[in-house]
Every structure is written in C-alpha cells, then in structure tokens.
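Working notes, beginning with the structure itself.
The values are calculated or read from the model by the stated rules, or taken from the named source; none is laboratory data. Everything numeric in this text was worked out from a predicted model, so none of it was measured. FYI the Cβ positions are ideal-geometry reconstructions off the backbone, even for glycines, and counts take in every protein chain you see. Heads up: the accessible areas ignore ligands, DNA and RNA and are worked out on the full protein's heavy atoms, side chains in. Shrake-Rupley method; radii C 1.70, N 1.55, O 1.52, S 1.80 Å.
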Amino acid sequence: MASQEEVFKKLVSHCKEYGFVFPSSEIYDGLGAVYDYGQNGVELKNNIKKYWWDSMVLLNENVAGIDAAIFMHPTTWKASGHVDAFNDPLIDNKDSKKRYRADVLIEELLAKYDEKIQKEVDKAAKRFGESFDEAVFRSTNQRVLENQSRRDEIHARFVKALNESDLAGLKAIIEDYEVVCPISGTKNWTDVRQFNLMFSTEMGSTSEGAMKIYLRPETAQGIFVNYLNVQKTGRMKIPFGIAQIGKAFRNEIVARQFIFRMREFEQMEMQFFVRPGEEMQWFEFWKDRRLKWHKALGLGDHKYRFHDHEKLAHYANAATDIEFELPFGFKEVEGIHSRTDFDLGSHEKYSGKNIKYFDPELNQSYTPYVVETSIGLDRTFLSIMAAAYTEETLEGGDRRVVLKLPPALAPVKAAVLPLVKKDGLPEKAREIIDNLKFDFKCVYDEKDSIGKRYRRQDAIGTPFCITVDHQTIEDNTVTLRFRDNMQQERLPIDNLYSIIDGHTSMKQLFKKLL
Ligand code: ATP
C-alpha cells in the first residue's frame, strides 16, 4: 500500500500530466502557491461552479446572484476589520529558515495526540473483537487517559492564547511540547509575530496622489456593500440571500499542499440576510443544506465532518467548518458562519449612510443579521480529485488509473472512438459527435489501440466511451463502455442521448438537495 503522501504526490503529477492543474508561469520555475487550470481542469472547475451556483440561485427563489469587482474602496477593509485584524501568527525556524503558522503547528500537535489515541482504540478493537466497548476502553485505559489529558491541556492553553491574542502563549506551547521543525528537526524558534494577509497595490498615478487599495481577501464584502441595491432593485424580502463566485487573494505565510492553500484562489459565497434573533435557526438550516450538497456528490459520506471553531472571528457568534478527508487529513473546505450585524453595522458607521432594511411585516427598520456559507472552489476541486483518483489492478494483471468523478462534473462526458481510421468509421464518429455536442462535451480520438484510448479517457474521468465499428455502418449501433465497471453494451445510436443525459445531468444531484 502506498503511503498517503505518495498518493498525494501521484495526484499532483496526474493533475499536471492530464491537463488539470499546472504551476503558474512554469517556464520561469513557477510562482509560490499560484496555479493555472488546464483544459480539463477548467471544465471540472466550471462544472463545480455551475453545481454550486444553480443549487443556490435556481433552487432558491430568495437567493440572487451578483458579480462584484475585485477592487473595492479601501475603507471597506477598514470597516470589515481586515486592515487591523486579518492576521496569522507566524513563527520561523532559525535553522531551516522555514516559516510556519504557529496555530497550524499546534493543531498538528493536537492531531498527533488524536492519532495516538485512535491507534490504541483500533488495536484494542481488533484484540477484543465483538465484545469491545469503546467508551469503556477510552475511560479506563491508562495510555489513552494519559494522552487524552495531555491533549486537553494543550487544547485549553491553545484556545486561551488564541482568544487573548497571546503570541507568547502560542510560542510557549510550541516550546513546552517540544514541537520540532519538520525540515531541520530542531526546536530553535523565533518569537511569534502577526502578519497581515492582504495584498495591496496602488490605484491612480503617483502625481495625483495614488490611493493604496487591496486585492479582496474574501468576496463577502462585495455582497455586503451591495445588499441594499439588490434588495431594492430585486424587491427582495428578508430572509433572502446573495450569492457570488469570484477570486480572492491572501498572502498566505505557508503555502504548501498544492491547491489547498493558494495565494490567488476562488470562493463561492452566499450571504443570507435574516431578522435579528433568527440567525441560529438559519445557521442550522444552511449547515444541513450545505452538507447535503457535498454528500450528493457521492464521494463517501464518512469523508465529511463538522468542526466547530476554537476561536470565533471578531464578527461571528457561531461558526463551523465542513471538513473533508484529504490524503493529509481532515481539512476545511467550507466555512459556515453566523456573522451577526457586524459587517452591515460597520459599513453603516464608516460610510455614514443609512443601510438599514425596512421590514414591512414588522413595520420597522433594522440592520439584518447574516449567515454565510463560504466554500473554496479550489479546495472543493482538490477534494473531488483526491476522492476520485483510483488505481486498479485488472484481471490479467493490467493496471489502470481511473478518475471516478461524479459524472455530472466530469470534464468530458463522452469520447467517440472509431475502431479504425478508414472505411467511413471516422466520418460516422464525427456525425455522432455533431449530434451530441450541443448537450455534452465530447471528444474524438482515433489514435492508438482502442485499449489505450479507453485508458486515456479513464485517466480524465470520462464516464462514457462510444466505439464505432463496421457494424455501426450497417445497423446504426455502437458499443457504449461504462467507465467504472468497464462494461460494454451494444445499442442504437438513437439511445445515446438519453443514457448519457440520465447519468450526467445535474438534475440527479439537485433532487438530493431539497
Ligand atoms: P484556513 O483556516 O484554512 O486558512 P479560513 O478559515 O481562513 O481557512 P475562510 O476565511 O473561512 O477560510 O474562507 C472560506 C473558504 O475559502 C475556506 O473554507 C477555503 O475553502 C477557502 N480558502 C481560504 N483560504 C484559501 C486559500 N489560501 N487557498 C484556497 N482556498 C482558500
């Protein structure tokens, strides 16, 4: 069995080899944590966007979409708190000169204790078989109890240090529990410092006094400053939501793990405006809805979990993450936050404009509360790729790599393959594509043996291969091959549309959401 690290390495090279993700400006040796999507990557990404967008804007009458600019008036970021508080605590190892996020080092330390405990539990479960009582074991086993109490102790100190923004406290945890740098293996750490994650640039020429502006670190603020425009022009009534997909930029301190943590990335956010006091019920509603959205993809329900925040952001009164099990552990793909009236209240204060909502039912004006769902497009892409990537040994010892992508998201829906390059088969294949291409992304491939062509399509996750042979010319039938079980079926060309549509339409996913 390959280690998870090896699996991840293979996935990264697969993404490159098959046109999903390339390092940015690779001929100049790339740019840290910036990536480009290739010909298959962009199709997958667009399909994820469509799945998200339609699930918000088509399925909910009270959710409207917008597309705000990346640049915003700089006061926006003062009001949102990002100028003063959008920081990560960083720490350097003096020997390797590598930089880390202090909070991430401590989270990894906690995860190590969890792993130790889990190992003991798994070992005992194996030993005792059917009669194993996990709860009793956890509360009585000496080694588990010791590790658990150590973990609780670290956790309590961690939460306290975060809540008090106590940088020395964070460093003390790293020192007391002898966290070492994975590169140098030493404990020679600098102090912990705060680092603002926003990128800035200048607008206008210097002669006329250039203005310092920021590249937005989240898309949400474009929604907040427009909420009343949308509400009034769309005649929306509370509760209602505004959805947006767009780029965000963060000067991440530690940018490793491929497209998991990028400096330029894309977010899909929806801010839902509610009456004050009703936010908790909507928070629960959207938690449920969003988890369903993820699970409908069929990547495995056990790969998801909620993780409540250790420290609430300055604007939140409840927050949870949806985590997905990646090859390097459970990691956040989406945040669901109850942001109170912090943002709207703050924009009202800084702008001096009245942006209250008038509620005709209550006959009163108020600042709405906001529940947001904020998902990273690139992280979703990565989680789907990681779950889909499968190596299989076939009968006869042959191996294949197949991307078991949800068919609705697959970059190519059908490949049409003439068995030979003559006797009118290529023309027939083109004719089939011409009929299907209005509805499905199709490719034509006539090069190499049919087996090799199947492998190429497996590697990019194409759900269907359609083979055209001599019999096709005689009776208008083709062989349809299914990606996952590799079964083949002979059927009339006229049946192709309904079969492909039945398997790849997003409707199948949407029906699971409501
Ligand atoms: P993290 O703790 O991993 O830095 P975060 O809690 O700061 O993430 P949010 O501000 O809640 O993230 O952003 C919402 C979503 O945007 C995240 O769930 C994630 O999917 C995505 N996201 C945030 N930062 C990045 C990044 N640097 N690269 C890719 N996606 C990101």
(Q) Here is a list: Asn93, Asn40. Which entry is touching a helix residue (DSSP H, G or I) at 6+ places or on another chain (Cβ under 9 Å), more than 14 Å from the ligand (Cβ to nearest atom) and touching a residue at least 24 places away in the same chain (Cβ under 8 Å)? (A) Asn40
Q: Give the number of residues within the stretch 401-445 that are touching a strand residue (DSSP E or B) at 6+ places or on another chain (Cβ under 8 Å) and more than 21 Å from Gly41 (Cβ to Cβ).
A: 12
(Q) Quick check on the stretch 187-226: of everything there that is in contact with a helix residue (DSSP H, G or I) (Cβ under 7 Å, 6 or more places away or on another chain) and closer than 25 Å to Phe358 by Cα, which residue is surrounded by the most Cβ atoms within 10 Å (Cβ to Cβ)? (A) Phe224
**Q.** Selection from the stretch 296-317 of residues that are away from the ligand (no atom under 12 Å from the Cβ), touching a strand residue (DSSP E or B) at 6+ places or on another chain (Cβ under 7 Å) and of a type outside the set (A, V, I, L, M, F, W, C)
**A.** Lys303, Tyr304, Arg305, Asp308, Asn317
Q) Tell me, which residue of the stretch 318-355 that is under 21 Å from Gly241 (Cα atoms) and polar (S, T, N, Q) is nearest to the ligand (Cβ to nearest atom)? A) Thr320
Q: Note down all Cβ pairs under 6 Å where the first residue falls in the stretch 255-268 and is touching a residue at least 12 places away in the same chain (Cβ under 8 Å), the second is assigned to a strand (DSSP E or B) and more than 8 Å from the ligand (Cβ to nearest atom), and they're at least six residues apart or on different chains.
A: Ile259/Tyr35; Glu264/Phe249; Glu266/Lys247; Met268/Ile245
Q: Being in contact (Cβ under 8 Å) with a residue 24 or more places away in the chain, more than 16 Å from the ligand (Cβ to nearest atom) and within 30 Å of Trp293 (Cα to Cα) narrows it down to one of Pro360, Pro368, so name that one.
A: Pro368
(Q) Return the residues of the stretch 470-514 that are touching a Cys at 6+ places or on another chain (Cβ under 8 Å) and of a type in the set (A, V, I, L, M); say none if nothing qualifies. (A) Leu480
Q) Scanning for something of a type in the set (D, E, K, R) and either more than 25 Å from Val254 (Cα to Cα) or modelled with pLDDT of 95 or more (or both), does the stretch 160-172 turn up at least one residue? A) yes
Q: Can you run down the residue pairs with Cβ atoms below 6 Å, 6 or more apart or on separate chains, where the first is in the stretch 497-514 and in contact (Cβ under 8 Å) with a residue 60 or more places away in the chain and the partner is of a type in the set (A, V, I, L, M) and in a helix (DSSP H, G or I)?
A: Thr504/Ala408; Met506/Ala408; Leu509/Ala408
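Residue-by-condition table, conditions (1) of a type outside the set (Gly, Ala, Ser); (2) free of Cβ contacts under 8 Å to residues at least 60 places away in the same chain:
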position: Glu278; (1), (2): yes, no
position: Gln281; (1), (2): yes, yes
position: Trp286; (1), (2): yes, no
position: Asp301; (1), (2): yes, yes
position: His309; (1), (2): yes, yes
position: Ala313; (1), (2): no, yes
position: Ile322; (1), (2): yes, yes
position: Glu334; (1), (2): yes, yes
position: His337; (1), (2): yes, yes
Q: State all residues of the stretch 128-171 that are of a type in the set (A, V, I, L, M), surrounded by 12 or more Cβ atoms within 10 Å (Cβ to Cβ) and within 33 Å of the chain's Cα centre (by Cα); if no residue qualifies, say none.
A: Ile154, Val159, Ala161, Leu162, Leu167, Leu170
Q. What number of residues within the stretch 115-127 are more than 24 Å from Phe330 (Cβ to Cβ) and either open to solvent by less than 80 Å² (accessible area, probe 1.4 Å) or in contact with a Gly (Cβ under 9 Å, 6 or more places away or on another chain) (or both)?
A. 0
Q) Does the stretch 271-284 include one or more residues that are within 11 Å of the ligand (Cβ to nearest atom) and crowded, with 20+ Cβ neighbours inside 10 Å? A) no
Q. What tally of residues in the stretch 261-270 results from selecting those that are within 10 Å of the ligand (Cβ to nearest atom) and either in contact with a helix residue (DSSP H, G or I) (Cβ under 8 Å, 6 or more places away or on another chain) or open to solvent by less than 20 Å² (accessible area, probe 1.4 Å) (or both)?
A. 6
(Q) Can you say whether Ala64 is part of a loop (DSSP other than H, G, I, E, B), touching a helix residue (DSSP H, G or I) at 6+ places or on another chain (Cβ under 9 Å) and not polar (S, T, N, Q), as far as the supplied structure shows? (A) no
Q: Take the stretch 323-362 and flag every residue that is in contact with a Leu (Cβ under 6 Å, 6 or more places away or on another chain) and assigned to a strand (DSSP E or B).
A: none
Q) What helices (runs of 4 or more DSSP H) lie completely within the stretch 394-489 and have 2 or more residues being polar (S, T, N, Q)? A) 470-475
Q: Residues being in a helix (DSSP H, G or I) and surrounded by 17 or more Cβ atoms within 10 Å (Cβ to Cβ): count how many of those fall in the stretch 504-514.
A: 3
(Q) Let me confirm something: among Glu26, Glu61, Glu6, Glu17, which residue is acidic (Asp, Glu), open to solvent by 30 Å² or more (accessible area, probe 1.4 Å), closer than 25 Å to Ser374 by Cβ and more than 19 Å from the chain's Cα centre (by Cα)? (A) Glu61
Q. Limited to the stretch 303-322, what total is found for residues that are part of a loop (DSSP other than H, G, I, E, B) and within 25 Å of Gly277 (Cβ to Cβ)?
A. 8
(Q) Here is a list: Leu436, Leu417, Leu491. Which entry is more than 32 Å from the chain's Cα centre (by Cα), buried (at least 19 other Cβ atoms within 10 Å of the Cβ) and at pLDDT 95 or above? (A) Leu417
Q: Considering every residue within the stretch 296-315, establish whether at least one is open to solvent by less than 10 Å² (accessible area, probe 1.4 Å) and either under 30 Å from Gln231 (Cα atoms) or among the aliphatic types (A, V, I, L, M) (or both).
A: yes
Q: Among the residues of the stretch 208-260, write down those that are within 14 Å of the ligand (Cβ to nearest atom) and hydroxyl-bearing (Ser, Thr, Tyr).
A: Thr219
